[in-house]
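The structure under discussion appears below in the form of structure tokens.
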Amino acid sequence: MALLHQIQETLLDEEKGIAPALLKFKFLAAKLGSEPLEDWVAHEMKGYPREIEVPDYRLAHLTYTGNFANSAYQYTNHPIPTSLILEHTSEEWVVHKIREGMSAIDHIANGATSSGKLTIDTSDMVLLLQGKIYERMVVQSITATFPVTALLSIQSTVRAKLLDLTLELEKRVPASAEILVGTKERTSEREQGKVTQIFHQTVHGDMTNIANSGSDATVTVNVTKNDIDSLKAALNKIGFEASEADELAKIAVDEQPDKLGQPFGIKARKWIASKLEKGVDGVISVGGKVAKKELTEAFQQYYDSFS
């Protein structure tokens, strides 16, 4: 049986975890020759390092409770508003990035009930929030939790994306369904580019997470906050035609990023995704490398959202 079909068989068995399918897909991705696909599979298997942004489906919103006391009163497991946490800390204490590899996620999720909650380390927050929640009350402890359903959602999302990938590869790159374990052949450069297209459209089709995805381009962008001319110049430097740079820059002016930690708004993501659908290698090319990181940085600087 072809490796692609083995992966499909594994994915369709919902009693099996995602890790076995990812292991097989790692071999397939190497034969298909798409670095972005290989990187994504590797991160899903081993986990996401701190320097790599996690996809949207790996974000979990935290809820907080705390124990407070003074000589007269004791509050136990008292809810703490998210807005108050954000006021005195930062966004990373409100939206948790789940970086664990899929084997760990399978293990934790399969051993917990769907109604259960998972905690993160909040030892540093006790000092940060002393005297800022209730006056004249000591913060004894703080607990931050997110539902185990966040892990179940990751399992379901990755399973669906892997299955969609196999179906698209089988349809648009027929050679992918001929790869067997032990084969030495790799796909042609043209097919490798098509595989990368399929990967971006299927896994990051809305372009919400194109930073740090394997680009080796070395273009420095310098955009002034809310300055459309500097944004156009940066887009042109990355490789967009003048008309395209003008069109994308106007979209940036008309909207704001719609999610925490995302540099693109809805219209911008759709516009960029349309370029993929038209067969552009990745988004755009600079010296033969796809300048995804630079495009993200240009928007980050324009909105000043990652200062």
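The table below lists the values:
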read-out: Relative contact order (percent, whole number), segment 21-162, Cα cutoff 8 Å, 6+ residue spacing; value: 28
read-out: Those GluC sites (Glu not before Pro) in segment 1-55 that DSSP places in a loop and that have at most 13 other beta carbons within 10 Å; value: Glu14, Glu15, Glu51
read-out: Restraint check, Lys26/Lys171; Lys24/Lys97; Lys267/Lys292; Lys46/Lys270; Lys194/Lys270; Lys194/Lys293, Cα-Cα greater than 28 Å; value: Lys46/Lys270
read-out: Three-way shape call for segment 221-270 based on the alpha-carbon gyration tensor, with the a/c threshold at 1.5; value: prolate
read-out: Virtual spin-label span in nm between Thr119 and Glu35, 7 Å along Cα→Cβ; value: 4.3
read-out: Calculated FRET efficiency for the pair Lys97/Asp229, C-beta based, R₀ 30 Å, to 0.05; value: 0.30
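Just so you know, all these numbers are worked out from the coordinates, no wet-lab data involved. Quick caveat: nothing in here was measured; it's all calculated off a predicted structure. Every residue, glycine among them, receives a Cβ derived from its backbone with ideal geometry; neighbour counts consider all protein chains shown.
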